Structure formats: C-alpha cells, structure tokens
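Asker: Have a look at the structure that comes next, please.
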Amino acid sequence: MRLAFIGGGVMAEAIIGGVLASHLTPPEDVSVGEPVNERREQLAKTHGLQAFADNGYAIRGADLVILAVKPQSLPEVMPGLSESLSPQQTVASIVAGATIDTLVNGLQQDSVVRIMPNTPAQIGAGMSVWTATAAVPGAMRQIVGQILQTLGDEVYVPDEKLIDMSTALSASGPAYVFLFIEALIDAGVYLGMARDMARRLALQTVLGSTQLVQESGMHPAELKDMVTSPGGTTIAALRAMESEGFRAAVLDGVIAAYNKSVELGKK
C-alpha cells in the first residue's frame with residue numbers, strides 16, 4: 001500500500017510514525033507534500049520517506065491520500081489536487097470542519113473518508129472517529145481502520161453528524177482534561193504543596209481514575225459514590241463544585257464546541 005500525505009504537520013507525523021512502527025507499509029512507499037523545505041528535510045531524514053514541494057508528485061501512485069493541512073489552507077490545496085487525483089485513489093481528510101460534501105465537490109473525488117482524531121494520537125493513545133462515502137471500497141475501509149488503530153482507539157460511524165459531535169467531545173476533549181489537571185495542580189499549590197508534587201498527584205489521580213472506569217466497567221457515578229463518605233471531605237468538595245456549576249460548565253462547553261464545528265462545516 002502506498003500512502004501520501006498532503007501536509008507534514010504534527011498529526012501527519014503521528015500517523016506516519018504509527019504506520020511505520022506497525023509495519024503496515026515500508027518508508028519507501030510513503031510520501032509527503034509539504035511546502036516548507038526544512039520540514040521536508042526533517043521528515044525525510046527521520047522516517048526515510050520521500051518529501052516533495054509539489055503535491056502532484058507526492059500523490060503520484062498512492063493508494064490512499066491523507067489530507068492533513070490547516071482548514072484555512074484547504075481551499076487553495078483542493079483545486080491542484082483535483083487535477084492530479086485518479087478515480088482509483090481514496091482521499092482521507094483529518095481537516096477540522098471539512099465536510100464530506102466539501103471534500104467530494106472540492107476534490108472532484110467520490111472515494112472520500114473523513115476522520116476526526118485527537119492529540120493523544122501522538123503517543124498512540126488517541127481516539128479517532130471516522131466515516132466514509134459509499135464509493136470507498138471495503139478493502140480500503142479496512143486499511144483506514146488499521147491505520148487509525150496504530151494511533152489508539154477508532155470508531156467508524158455511518159452518520160456524518162456524529163463526526164461533529166465527536167469533534168466537540170473527543171477531539172476538543174483533551175483541552176478540557178488539561179484544564180482540569182491544571183486546576184488540580186494549582187489547587188495543590190494553593191494549599192501549600194510543591195508544584196512538582198501536586199503535578200505528580202494530579203496526573204496519577206486522573207490516569208488511575210480513567211483506568212478504573214475502563215477496567216471495572218462500572219458507571220462513573222457508582223465509582224464516585226464509592227469515594228464519597230457521608231459528611232466527609234469528598235462530598236464537601238462535590239457540593240462546592242456543583243454550586244459553581246461544574247457539571248453545567250462541562251456540558252455547555254461541549255455543546256459550544258459542537259455548534260462551532262457545525263458552523264465551520266457550513267463555510
């Protein structure tokens with residue numbers, strides 16, 4: 001399988017690293033179209049792949065072309081690609097807000113996959129949600145799933161609406177978690193704890209709590225109740241957080257991200 005990437009940024013390199021580490025394809029069958037010369041040289045040296053300034057050369061002979069450019073760059077990239085793509089090729093996009101219709105019409109290509117990954121994919125702990133047009137062959141769908149599994153977990157959805165929902169929950173989600181971790185650390189520092197100790201406690205608490213939910217199979221509410229003793233410290237903290245609208249703030253944030261994702265898709 002020959003892979004081509006349009007854009008050689010952080011997420012593209014995460015996919016490249018995952019694919020090569022899993023031996024899904026050799027480095028000589030991977031190419032990148034990247035406008036920045038220094039970045040091309042770095043990618044070629046690090047991964048042993050071919051890097052081109054011209055996107056047309058980059059996608060030549062590729063079975064799967066992965067669009068990994070910034071959303072604002074998509075309108076200037078698509079016309080050139082549409083002239084170079086062949087009907088046998090499949091295009092997969094990780095461009096935020098770019099709908100299937102936008103990609104199909106802009107690329108003049110029927111075989112299109114839309115993927116919404118998140119940043120933990122950089123360490124193989126990501127969550128990717130994806131969908132595909134009816135023109136994408138079954139064998140190619142299987143390949144896309146295998147590629148995304150090298151980044152962590154992956155879920156195929158038949159309805160594109162779920163991509164915008166996933167954008168709000170899992171793609172933007174790491175930022176919410178990072179903010180919560182930062183707040184926990186700051187709270188420890190406020191109480192008088194050294195920052196490095198507060199960081200260590202907060203990180204392991206979040207990591208361990210996530211693993212407990214996954215491995216126990218219990219509802220988060222059940223696990224929360226197990227920690228919450230009558231008249232104890234935990235219930236005092238939960239009461240204070242709820243009085244400040246903690247749960248409502250999370251819900252409102254995810255809904256705001258969803259609305260923004262839908263809005264971006266209409267542009």
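Asker: What are the residues in the range 112-128 that are of a type in the set (Ser, Thr, Tyr) and open to solvent by less than 10 Å² (accessible area, probe 1.4 Å), if any? First the steps, then the outcome.
Answerer: Here is the first cut: in the range 112-128, the ones of a type in the set (Ser, Thr, Tyr) are 119, 128.
Within the range 112-128, just Ser128 meets the criteria.
Asker: Take Glu263 and decide whether it is modelled with pLDDT under 95, on the phi < 0 side of the Ramachandran plot and either not β-branched (Val, Ile, Thr) or not in a helix (DSSP H, G or I) (or both).
Answerer: The answer is yes for Glu263.
Asker: Now, a different point. Sort out which residues of the range 50-68 are without any contact (Cβ under 8 Å) to a residue 60 or more places away in the chain and either over 19 Å from Met11 (Cα atoms) or of a type in the set (A, V, I, L, M) (or both), and write them in order of number.
Answerer: Step one: of the range 50-68, the residues without any contact (Cβ under 8 Å) to a residue 60 or more places away in the chain are 50-61.
Residues satisfying the conditions are Ala51, Ala53, Asp54, Gly56, Tyr57, Ala58, Ile59, Arg60, Gly61.
Asker: Right, here's the next one. Restricting the search to the range 60-69, which residues are open to solvent by 20 Å² or more (accessible area, probe 1.4 Å) and either farther than 21 Å from Gln50 by Cα or touching a Leu at 6+ places or on another chain (Cβ under 9 Å) (or both)?
Answerer: Asp63, the sole residue that qualifies.
Asker: Select from the range 101-137 the residues that are outside any loop (DSSP other than H, G, I, E, B), more than 30 Å from Gln214 (Cβ to Cβ) and of a type outside the set (S, T, N, Q) and list them in ascending order. Give the derivation first.
Answerer: Applying the first criterion (outside any loop (DSSP other than H, G, I, E, B)) to the range 101-137 yields 101-107, 112-116, 119-123, 126-132.
Add one more test, that the residue is more than 30 Å from Gln214 (Cβ to Cβ), and what stays is 101-107, 112.
Of everything in the range 101-137, those that are outside any loop (DSSP other than H, G, I, E, B), more than 30 Å from Gln214 (Cβ to Cβ) and of a type outside the set (S, T, N, Q) turn out to be Asp101, Leu103, Val104, Gly106, Leu107, Val112.
Asker: Another question, if that's okay. Would you tally the residues in the range 19-45 being in a helix (DSSP H, G or I), open to solvent by 10 Å² or more (accessible area, probe 1.4 Å) and either more than 22 Å from Gly126 (Cα to Cα) or in contact (Cβ under 8 Å) with a residue 60 or more places away in the chain (or both)? If you could, list the steps in order and put the result at the bottom.
Answerer: Looking only at the range 19-45, we keep the residues that are in a helix (DSSP H, G or I), and these are 19-21, 27-29, 37-45.
Checking the rest, the ones that are also open to solvent by 10 Å² or more (accessible area, probe 1.4 Å) come to 20-21, 27-29, 37-42, 44-45.
Retained after the next criterion (residues that are either more than 22 Å from Gly126 (Cα to Cα) or in contact (Cβ under 8 Å) with a residue 60 or more places away in the chain (or both)): 21, 27-29, 37-42, 44-45.
Matching residues across the range 19-45 total 12.
Asker: Would it be correct to say that Asp225 is open to solvent by 80 Å² or more (accessible area, probe 1.4 Å), over 26 Å from the mean Cα position of the chain (by Cα) and either among the hydrophobic types (A, V, I, L, M, F, W, C) or at pLDDT 95 or above (or both)? Show your work before the answer.
Answerer: Values: open to solvent by 80 Å² or more (accessible area, probe 1.4 Å): yes; over 26 Å from the mean Cα position of the chain (by Cα): yes; either among the hydrophobic types (A, V, I, L, M, F, W, C) or at pLDDT 95 or above (or both): yes.
The answer is yes for Asp225.
Asker: Also: Hey, can you tell me all the residues within the range 54-100 that are over 17 Å from Phe5 (Cβ atoms), under 23 Å from the mean Cα position of the chain (by Cα) and not in a helix (DSSP H, G or I)?
Answerer: Of everything in the range 54-100, those that are over 17 Å from Phe5 (Cβ atoms), under 23 Å from the mean Cα position of the chain (by Cα) and not in a helix (DSSP H, G or I) turn out to be Gly97, Thr99.
Asker: Residue by residue through the range 188-217, note down the ones that are farther than 18 Å from Phe178 by Cβ and among the aliphatic types (A, V, I, L, M).
Answerer: Within the range 188-217, Leu191, Met193, Ala194, Met197, Leu212, Val213 meet the criteria.
The values are calculated or read from the model by the stated rules, or taken from the named source; none is laboratory data. No experiment lies behind these values; they were computed from the predicted model shown. Backbone-built Cβ (ideal geometry, glycine too); neighbour counts: all protein chains shown. Surface areas here come from the heavy atoms of the whole protein model, side chains and all, with no ligands, DNA or RNA. Shrake-Rupley method; radii C 1.70, N 1.55, O 1.52, S 1.80 Å.
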